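Written below as structure tokens is the structure these notes are about.
The values are calculated or read from the model by the stated rules, or taken from the named source; none is laboratory data. Everything numeric in this text was worked out from a predicted model, so none of it was measured. In this analysis, Cβ positions are derived from the backbone assuming ideal geometry, glycine residues included, and neighbour counts consider all displayed protein chains.
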Amino acid sequence: MGASITLAGESLIAQKQASREVLQVARFILADVPGLDTTLPVDRSAGKPPAAQIVNTVAVTREGYLNPNQVVYSLMMNSTVGDFDFNWMGLETSEGVLLIAAYIPRQQKRKEIPPLQSGNNLTRNIVLEYNGAQSLTGIQVPASTWQFDFTTEFARLDARLDAVEASLAKKLDLENWTPPQRVNLDGPVLIYPGSTNTFKITDYNSGSIFAVATDTGTVSRSGDTITLTIASNAAAGIVTLDVTRDGTKVTFKIALGSAAIGKPSFVFPAANATSVGFEPTLTSSAFVVYPAGYDVHAKTRWQVSRNVGFTDLIVDQLEATNKLSESLTDLGKRLAPSTKYWARLMHLGNTLQSVYSDVISFTTASVYIRKPTITAPADGALKVSALAKVVGDAFSVLGGADTQDAGRLQISASTDFASLVYDSGWSTTQLTAFQLTTPLAFATKYYARIKYRGLSIGESEWSVIVSFTTDEQLTGTYTQLNGGATPRYSPAVVSVGNKLYVYGGGVSTGGAAALNDLWVYDSAANSWSQKASGGTGRYTHVAVEINGKIYVTGGYDGNAFHGDSWCYDIATDKWTAIANNTYGLGYCCAVAYNGKMYVYGGGAYGTLYAILRCYDPVKNEWTTVSTAPSARQGSSCCLINGKLYIYGGSSSDSVGPGGMCYDFATDKWTLLKVGPGSIIYPVAANCSNKMYIFGGVRGGSNAIDELWCYDPATDTWLKLPGGATPRYYHAGAAIDNKLYIYAGQWNMNDLWRIN
């Protein structure tokens, strides 16, 4: 019987070796081929005979291994099978590939039909021989444990015995002749095009004469080492390596595989896993290529389907970035609860691709955390604090119960969250509200999402993404502008449009002198001009602008504190006396709100005040509105969204020098965080709905150049770069959301813009 591995079988062997898959032989095929010359070698390129010539197809009855390089498949048919003749026999794999074909003299198989016909039992075996055959087929049963036909092996043994006898006949000293020994090799069972492979003769001795030959590539030997080199263009198949020892040739068959990427597998989820989350991160085994280094991992295809046939895909992602993991969260995919899914993956290199992994199935959980919703900031919100506070709705569970364990916030500069600028990680303290401690960039659009985690259920899906744009904010960039007027300290400064109005102040020239002059700075032209002087000379006073008029009250002239108040009409350049403020005060602060002037605190002759006074220009009268929780002088204030924010100063009570807020709508006072600490005589102004304070005195008489920002939306302070010249008794105001600082102690007239 002549039997040979087919060309298609060789190709399949190489593929199985490359992907580390088991070769499974499924069945015998018997055929009666007309005119078949069974003395000729098997046509290895031919396929299975036509269906009309196939007389029977029978599953492999038994399989076993003879040695690591030989496995045997057995066919046993009893007398219930027949009638047919056959002269062709083949082995077919589970994929339907013809692995081995054999030509045999025509055989008869007859069925027992008493009393008309005697049937026969038939046993046939085919031996599959190549390097590593047992490992590749996964056969663990020794063939010696069951009976089979050794006809083929006996024929080979007979031929070798004939050769031995012929050799013996030529020997002169028969008594001293030693029979040749079989050659044993240790080396790779799978080789590749372009490779150099080393084999060791494990039973080598220098007294024997060796020769080597191959039908593919080149081969050489040095001592016990055989080197087999395969050309890069060699075709996949079986390489024959002949090793002759003392005249006896032993043939080894080695699988020559095409370069291939190993079959991947899932690390997560495991096959048949249950209670899998709804946005799982799929994880793959490592990338493996044969031969090593032949290709690199370039992409991975991930597929998740609602059916095993993968015709109802939820995910079909060719991923070049996350090659060993794929987050359904990042893909925006959400699985349904209590649902079975199927998944598979494939690794791709620059030139090769693997086969798909084994298909796994998994089932999602039936109880899950509801998808959270961001309630603040609103989607599309503008002028959000750079120290944003992101708030989500309450934690809740559908289909069961759980307790929230952690929350997570991510902020990105892009909608796909590939450009993360903040990730809180899983926080067990910030569960549904997240306060940033490091500011975002100013005037920049961002995207935010949150998710929750329970103690037992796992994670929710990400919330719907909201976008928001941060507010403009000073960065602490200082520009010196043209100085003007005359040097002074403690003037009052009011901004009107793009102009600064500077009124009064003190001059120290051996003695204190109080000024009543009025100067105007044009920020567009960077120039100064003088207007009409009026009122009485003073410093440490306050001024506000209401409907094109500037109202001035309080202050000190070097001898007494003033209660008289004045109005300057910008349009007419005229001064007019108004109702007297019954409190003669200095070192107070003031804002304009709803057409009225509000003045807080101040001091006179050692007495500090906590009252909030109001001047109504329509009625030309003063009233007391409220009493603050702290009496102080030397503080500064500004108006933000209908609330009065006050900071700094010296106090005579236990409240301390921190900030206070008065809500005009509710007539309520609240204390702010201390923030910068104890500062007297700072300047405060509203830029982009934040309170900025600059300069002042810290620690007795130490002038500072510090710049601080208070964000009412988050009740947080941020220290910005200092600059200009340290000072106190200065004044300032905001123009176009930039802070302007003028004058100061002692006798200064420099002007600075802080961006």
Query raised in the report: Only one of (1) over 23 Å from Gln404 (Cα atoms); (2) touching a helix residue (DSSP H, G or I) at 6+ places or on another chain (Cβ under 9 Å) fails for Trp462. Which number is that?
Result: (1)
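Taking the criterion of being over 25 Å from Thr477 (Cβ atoms) and crowded, with 18+ Cβ neighbours inside 10 Å, would at least one residue in the stretch 615-625 satisfy it? Working first, answer last.
Going through the stretch 615-625, the residues over 25 Å from Thr477 (Cβ atoms) turn out to be 615-625.
Okay, now just the ones that are also crowded, with 18+ Cβ neighbours inside 10 Å, so 615, 622.
Yes: the stretch 615-625 contains one or more residues that are over 25 Å from Thr477 (Cβ atoms) and crowded, with 18+ Cβ neighbours inside 10 Å.
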Report task. Return yes when Ala514 is in contact (Cβ under 8 Å) with a residue 24 or more places away in the chain, assigned by TED's automatic domain parsing to the domain that holds Tyr583 and assigned to a strand (DSSP E or B) and no when it is not. Result -> yes
Report summary line: Screening Val507, Val520 for residues that are modelled with pLDDT of 95 or more, of a type in the set (Val, Ile, Thr) and surrounded by fewer than 21 Cβ atoms within 10 Å (Cβ to Cβ) leaves only Val520
Query raised in the report: Which residue pairs have Cβ atoms closer than 6 Å, lie 6 or more positions apart in sequence or on different chains, and pair a first residue in the stretch 181-202 that is over 26 Å from Ala235 (Cβ atoms) and in the same structural domain as Ile226 (by TED's automatic domain parsing) with a second residue that is assigned to a loop (DSSP other than H, G, I, E, B) and of a type outside the set (S, T, N, Q)?
Result: Asn184/Asp203; Lys200/Asp224; Ile201/Asp224
Requested in this report: Give me a count of the residues in the stretch 463-483 that are under 17 Å from Asp750 (Cα atoms) and either of a type outside the set (Gly, Ala, Ser) or crowded, with 21+ Cβ neighbours inside 10 Å (or both).
Outcome: 6
**Report entry** Among the candidates Ala18, Ala102, Ala3, residue that is surrounded by 16 or more Cβ atoms within 10 Å (Cβ to Cβ), modelled with pLDDT under 90 and in a strand (DSSP E or B)
**Finding:** Ala3
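Taking Gly82 as the residue in question, decide whether it is surrounded by 19 or more Cβ atoms within 10 Å (Cβ to Cβ) and either at pLDDT below 95 or of a type in the set (D, E, K, R) (or both).
It is true that Gly82 is surrounded by 19 or more Cβ atoms within 10 Å (Cβ to Cβ) and either at pLDDT below 95 or of a type in the set (D, E, K, R) (or both).
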Report task. With the condition kept exactly as written, say whether any residue in the stretch 144-165 is more than 54 Å from the chain's Cα centre (by Cα), of a type in the set (Lys, Arg) and either at pLDDT 90 or above or surrounded by fewer than 16 Cβ atoms within 10 Å (Cβ to Cβ) (or both). Result -> yes
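From the list Tyr556, Tyr489, which one is surrounded by 18 or more Cβ atoms within 10 Å (Cβ to Cβ), hydroxyl-bearing (Ser, Thr, Tyr) and under 18 Å from Met748 (Cα atoms)? Outline the logic, then answer.
Details: Tyr556 fails: under 18 Å from Met748 (Cα atoms).
Going through Tyr556, Tyr489 in turn, just one is surrounded by 18 or more Cβ atoms within 10 Å (Cβ to Cβ), hydroxyl-bearing (Ser, Thr, Tyr) and under 18 Å from Met748 (Cα atoms): Tyr489.
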Report summary line: With criteria (1) surrounded by fewer than 16 Cβ atoms within 10 Å (Cβ to Cβ); (2) over 30 Å from Ser357 (Cβ atoms), Asn56 comes up short on (1)
Query - The lone exception for Gln24 - which of (1) polar (S, T, N, Q); (2) surrounded by 19 or more Cβ atoms within 10 Å (Cβ to Cβ); (3) closer than 30 Å to Ser354 by Cα it fails - result: (2)
Query raised in the report: When only residues in the stretch 687-705 that are surrounded by fewer than 20 Cβ atoms within 10 Å (Cβ to Cβ) and modelled with pLDDT of 90 or more count, which is farthest from Leu387 (Cα to Cα)?
Result: Ala703
Query raised in the report: Of all residues in the stretch 538-565 being charged (D, E, K, R) and part of a strand (DSSP E or B), which is farthest from the chain's Cα centre (by Cα)?
Result: Arg538
Report task. Take the residues in the stretch 274-313 that are hydrophobic (A, V, I, L, M, F, W, C) and surrounded by fewer than 17 Cβ atoms within 10 Å (Cβ to Cβ), then tell me which one is farthest from Lys16 (Cα to Cα). Result -> Leu313
Query - Of the criteria (1) surrounded by fewer than 16 Cβ atoms within 10 Å (Cβ to Cβ); (2) touching a residue at least 60 places away in the same chain (Cβ under 8 Å); (3) within 14 Å of Asn184 (Cα to Cα), which one Lys253 fails - result: (1)
**Report entry** Out of Gln473, Gln430, Gln480, sole residue that is on the phi < 0 side of the Ramachandran plot and modelled with pLDDT under 90
**Finding:** Gln473
Requested in this report: Test Thr576 against the criterion of being modelled with pLDDT of 95 or more and either more than 16 Å from Ala532 (Cα to Cα) or part of a loop (DSSP other than H, G, I, E, B) (or both), and give yes or no.
Outcome: no
Query raised in the report: Quick check: is even one residue across the stretch 324-332 touching a residue at least 40 places away in the same chain (Cβ under 8 Å) and under 30 Å from Pro188 (Cβ atoms)?
Result: yes
Report task. List the number of the failed condition for Phe252; all other conditions in (1) over 26 Å from Glu10 (Cα atoms); (2) part of a strand (DSSP E or B); (3) more than 22 Å from the chain's Cα centre (by Cα); (4) among the aromatic types (Phe, Trp, Tyr) hold. Result -> (1)
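Just to check your reading of the model, which residue among Thr283, Thr339, Thr329 is in contact with a strand residue (DSSP E or B) (Cβ under 9 Å, 6 or more places away or on another chain) and at pLDDT below 85?
Values: Thr283 fails: at pLDDT below 85; Thr339 fails: at pLDDT below 85.
Only one candidate qualifies: Thr329.
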Query raised in the report: What are the residues in the stretch 427-444 that are exposed (fewer than 15 other Cβ atoms within 10 Å of the Cβ) and assigned to a strand (DSSP E or B), if any?
Result: Ser427, Ala433
**Report entry** Set Leu122, Leu99: member being within 60 Å of the chain's Cα centre (by Cα), in contact (Cβ under 8 Å) with a residue 12 or more places away in the chain and not assigned by TED's automatic domain parsing to the domain that holds Asn197
**Finding:** Leu99
Query raised in the report: Inside the stretch 195-214, can you point out the residues that are outside any loop (DSSP other than H, G, I, E, B) and not hydroxyl-bearing (Ser, Thr, Tyr)?
Result: Asn197, Phe199, Lys200, Ile201, Phe210, Ala211, Val212, Ala213
Query raised in the report: So which of Ser460, Ser424, Ser456 is at pLDDT below 90, over 30 Å from Gly696 (Cα atoms) and surrounded by 15 or more Cβ atoms within 10 Å (Cβ to Cβ)?
Result: Ser460
Report task. Please determine, by comparing only the residues of the stretch 184-212 that are crowded, with 18+ Cβ neighbours inside 10 Å and polar (S, T, N, Q), which one is nearest to Thr251 (Cα to Cα). Result -> Asn197
Report task. Check whether at least one residue in the stretch 300-307 is assigned to a loop (DSSP other than H, G, I, E, B), of a type outside the set (Gly, Ala, Ser) and out of contact with any His (no Cβ under 9 Å at 6 or more places or on another chain), and report yes or no. Result -> yes
Requested in this report: Answer with yes or no whether Phe268 is free of Cβ contacts under 8 Å to residues at least 60 places away in the same chain, among the aromatic types (Phe, Trp, Tyr) and assigned by TED's automatic domain parsing to the domain that holds Gln317.
Outcome: yes
